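Reviewing the structure listed below.
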Amino acid sequence: MEITHILIALDGSELGRRAMEAGIDVALRYRARATVLTAIQHPAYAATVGEVEEADAEQRAFAERVQREAVEAARMRGLDVATAIVSGHPAEAIVDYARQHAVDLIVMGHRGLSNLRRFLIGSVTDRVVDHAPCMVLVVTERRPR
Amino acid sequence: MTDASIAMAMGLLIFLATVISVELGISVALIEICLGVLAGNVLGLQSAPWIDYLAGFGSIVLTFLAGAEVDTRLLREQFKASVLIGGLSFLLPFLGAWAFALWVLGWAPDAAKIAGVALSTTSLAVVYAVLVETGLTSTPLGKLIMASTFITDFGTAAALSALFISPTPWIVAFLAVSVAIIVAMPRLQPWFFRRYGNRVIEPEIKGAFAALLALMYFGRLAESHAVLPAFVLGLAVSNVFAAHRAQQQRFRVVAFAMLTPFFFIKAGMNVGLGAVSANLAVLGLLLAVKMATKFIGVLPLARRYVGPHAMYTTLLMSTGLTFGTISSLYGLQANILDQTQFSLLVTTVILSAVVPTVIAQRFYDPRRATAGAAPTAGPLTLAPAEEGDE
């Protein structure tokens, strides 16, 4: 099995942070390059342009902060990672990015920031697992024994 | 219910809508309308005169913001195509929905006019969100769609103001005050911002609110609606807003926190679920009329100007939300619409925010078209202009 490009999907959650750790482990073990990706989503069916602009600015700032921390965590362990911020539904954004950039492995948390969205709309992780063009490593809340 | 209990209930609804919006990633306005429907139909929450006034002011602030969000440079760049697409995107649905409501549904003439106005709209915000999400805002295709939407919005605002003018002496005062404010405000703003700006007591926002409240007052005296002057005033100060990002952001904060929620919740509270469920066929027909007339008006021109993305453009131009809701609520509050007509129009408007957007993103997303296109197709550019075009 050859792994040359790992995509680590981050959303700022605790499980995302643990996914980052797992992604770094795999990247170091396989000497693969890694990209940290964060998706930003704009409010659907907005009533004012302002709502979209402000949400975009807020989420972009949040994503940049999450990615700065991730880059720093990787650097501390001797790994340089690339970063990407993409717009759209997180599952679609992750799968599309993986398709377009020849990703061999996606690493992500089992559960993101919003339990309500997961309950009503469905799990981002489930969708990525269903549609990914490559392997997916899902980091769960359970610690390995 | 007492004013205090209504205020408490409204406060809770506004807060809840914000939390749900963040959790679900859906516009707070849509959630506010839905919670308004719930509050009006299930919880029995009733409006009060102060809510009606705040909701009316919220609608004027929304209209002002819509005008202030117009990119005048973009409009000039895409002038001819956007006037044609945006103009027909307003005119055909307006005439079509008006005629349908009048002759097929048998609505009163003024109610049919409101139907025409409410269903003629294109939602700039819905369009903008889709374009940002797909990364198309700075492409020629995205610019043309946005510029066309500005024109459609202008048509809607003009129609809502002009169609219900009563020939009273106050109309002269309304016109004079509107022109004076629209001419004076952009000229005074640079000096005003230098002299009084950047203070925590927000003189800029209070100045804008004072101007809008004056427009509302004279609009009511003239038995008209201040939506057109508010839109044009926003347009007139759009360059000032663009140059003062912090002030624009603070204006939005005040509007979104305190004013627009009253408008959207109030709109939702007046939607009768019973009226909607008893008229599902009419609801479907109204949506079909809106989309069909948008297609007739926009698709041929879109084929000419944006070639392979004509369907995408037409679907985005078929969206509606804010102006449609503003028009419908004006009709209800002026006793032009009854509750059933209002419920049907607002529900149609909400459906028109969702249905064309979902179809456009699912089946006509230009990024997916690009992936399958020939490398030389240049699909996100406009179609080559024909002879005689600019």
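Readers should treat all values here as calculations from the given coordinates under stated rules, not as data from a laboratory. The structure displayed is predicted, hence computed values, not measured ones. In this analysis, Cβ positions are derived from the backbone assuming ideal geometry, glycine residues included, and neighbour counts consider all displayed protein chains.
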Legend entry - Relative contact order %, chain B, counting alpha carbon pairs below 8 Å whose residues are six or more apart: 28
Legend entry - Mean residue ellipticity (222 nm) of chain B, computed from DSSP H runs ≥ 4 via -39,500 (n - 2.57), nearest 500: -24500 deg cm²/dmol
Inset, instruction - Rounded to whole Hz and in sequence order, give me ³J(HN,Hα) for the range B:65-74 from the Karplus expression 6.51 cos²θ - 1.76 cosθ + 1.60, θ = phi - 60°, writing x for Gly and Pro. - result: 4, 4, x, 5, 8, 5, 8, 5, 5, 4
Legend entry - √(5λ) per eigenvalue of the Cα gyration tensor, the range A:5-139, largest first, Å: 25, 17, 13
Legend entry - Rg ratio (alpha-carbon, reference 2.2 N^0.38 Å) - the range B:163-266: 1.14
Inset, instruction - Have a look at the range A:13-67 and give its Rg and Dmax from the Cα atoms, expressed in angstrom. - result: 15.5, 48
Inset, instruction - Take B:F218, B:F164, B:F79 and order them by how many other Cβ atoms sit within 10 Å, fewest up front. - result: B:F79, B:F164, B:F218
Legend entry - Per principal axis, descending, Cα span of the range B:1-125 in whole Å: 52, 41, 27
Legend entry - Estimated translational D of the range B:3-365 in µm²/s (Stokes, Kirkwood radius over Cα pairs; 4 °C; 1.567 mPa s): 63
Legend entry - Pairwise label distance in nanometres, A:S13 with A:R33, each label 7 Å out on the Cα-Cβ vector: 2.9
Legend entry - chain A: calculated mean residue ellipticity at 222 nm from DSSP helix runs of at least 4, using -39500 (n - 2.57): -16000 deg cm²/dmol
Inset, instruction - Apply the Debye scattering formula to the range B:104-191, with a single equal point scatterer on each alpha-carbon and no solvent, then give log10 I(q)/I(0) at q = 0.12, 0.24, 0.26 Å⁻¹. - result: -0.62, -1.07, -1.13
Inset, instruction - List every residue whose amide H lies under 5 Å from the amide H of A:I106, counting only residues 5 or more places away in sequence or on a different chain, with H placed 1.01 Å from N in the peptide plane. - result: A:L7, A:M135, A:V136, A:L137
Legend entry - Volume per residue of the C-alpha convex hull in the range B:305-366, rounded to whole Å³: 75
Inset, instruction - Quick one: order B:S277, B:S178, B:S89 by neighbouring beta-carbon count within 10 Å, fewest to most. - result: B:S277, B:S178, B:S89
Inset, instruction - Return B:I359, A:I40 ranked ascending by Cβ neighbour count within 10 Å, so the fewest neighbours appear first. - result: B:I359, A:I40
Legend entry - Cα gyration tensor shape of the protein assembly as shown, rounded if a/c is under 1.5, else prolate or oblate by comparing a/b with b/c: prolate
